[in-house]
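The values are calculated or read from the model by the stated rules, or taken from the named source; none is laboratory data. In this text, all values refer to a predicted model and were calculated from it rather than measured experimentally. Cβ placement follows ideal geometry from the backbone for every residue including glycine, while neighbour counts extend to all protein chains displayed. The accessibility values were calculated without ligands, DNA or RNA, using every heavy atom of the protein model including side chains. Shrake-Rupley method; radii C 1.70, N 1.55, O 1.52, S 1.80 Å.
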Amino acid sequence: EIMIQVPNVRWDDIGDLEEAKQTLRESIELPLRRPKAFRRIGIRPAKGFLLFGPPGTGKTLLARAVARESEANFIATKSSDLLSKWYGESEQQVSRLFARARQVAPAVIFLDELDSLAPQGGGGLGEPAVTERVVNTLLSEIDGLEELQGVVVIGATNRPGLLDPALLRPGRFDELIYVPVPNREGRLHILRIHTASVPLSADVDLESLAGRTEGYSGADLADLVRRAGLQALREDL
């Protein structure tokens, strides 16, 4: 089963990551909303984007936001869900995913944990050569005879060094976008987003917290707010 969603995440819901957001705006939102502009200039838009960086930095949020802002359908799947123990089933799952996306275009396909679906040659586990065949199917779907019209592929990984190099050439995953851990201003923005609906005491200093949370990812900061809320609830009860 392939789930198609219309996400409710907007750019304003994502703290920091301005460089990554700007790249996605120009490379995905603009071609999907104004395809005639690219045809007029005579260039093709990028087909695939790889978001890489530490865990919890907002790669999935970025993919959901760009689909929402582009007014495109969002098809998300974990790479492990596409792998099957039955011979030939994994390739069929990939082909079915792209066929569904073409039917509901404009669409954004989001492949999480891409390194488990398309590792370097010989790096796959399980049924012999299954990952090599999946990589070949993925390559033919992105850059094959049947051209992708109004469909963009976004992959996410924490370990880009494990990916098959054939995926990373232009015409497949054209843009590699690093999603870093937020800086102080970014942490403050993220804390303000997560505390927008939280009743705060007068002595809560978000700027001080942003300075004390060096190295925290967006997920870490969200968990910090959640744990603070639980602690307040525990004391209240």
Between helix 218-236 and the chain, what is the angle of the helix's C-alpha long axis to the longest principal axis, kept within 0 to 90° and rounded to the nearest 10? 40 degrees
Quote the accessible area belonging to ARG102 in square angstrom, nearest 10, computed with a 1.4 Å probe and with ligands, DNA and RNA left uncounted. 50 Å²
Per residue accessible area of the chain, 1.4 Å probe, in Å²: 54 Å²
So, over other residues within a Cβ distance under 11 Å of ASP164, counting Lys, Arg +1 and Asp, Glu -1, the net charge is 0
Across the Cα atoms of segment 2-41, what radius of gyration and what greatest pairwise Cα-Cα distance (Dmax) are found, in Å? 12.9, 35
Just to check, using Stokes-Einstein with a Kirkwood Rh over alpha carbon pairs, what's the diffusion coefficient of segment 143-237 at 20 °C and 1.002 mPa s in µm²/s? 127 µm²/s
Helix 59-69 against the longest principal axis of the chain: what's the angle in degrees, Cα atoms only, rounded to the nearest 10? 80 degrees
Give me P(r) over segment 27-116, computed from all C-alpha to C-alpha distances, binned every 10 Å, as integer percentages. 15, 41, 32, 11, 1
Dimensions in Å of segment 16-72 - Rg and Dmax from alpha carbons: 12.3, 39
Could you order GLU71, GLU19, GLU207, GLU91 so the one with the most accessible surface comes first? Probe is 1.4 Å. GLU19, GLU71, GLU207, GLU91
Student exercise, the chain dipole from Lys, Arg, Asp, Glu Cβ charges, in Debye to nearest 20: 680 debye
How far is helix 184-194 tilted off the main Cα axis of the chain, in degrees rounded to 10, range 0 to 90? 90 degrees
SER95 versus LEU30: modelled label distance in nm, points set 7 Å from Cα along the beta carbon direction: 3.6 nm
So what's the back-of-envelope 222 nm ellipticity for the chain, counting only DSSP H runs of four-plus at -39500 (n - 2.57) apiece and dividing by all residues, rounded to 500? -12500 deg cm²/dmol
Could you work out what % of the accessible surface of the chain is carbon and sulfur, using a 1.4 angstrom probe and leaving DNA, RNA and ligands out of the count? 51 percent
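How large, in Å, is the chain by the Kirkwood hydrodynamic radius built from its alpha-carbon pairs?
19.3 Å
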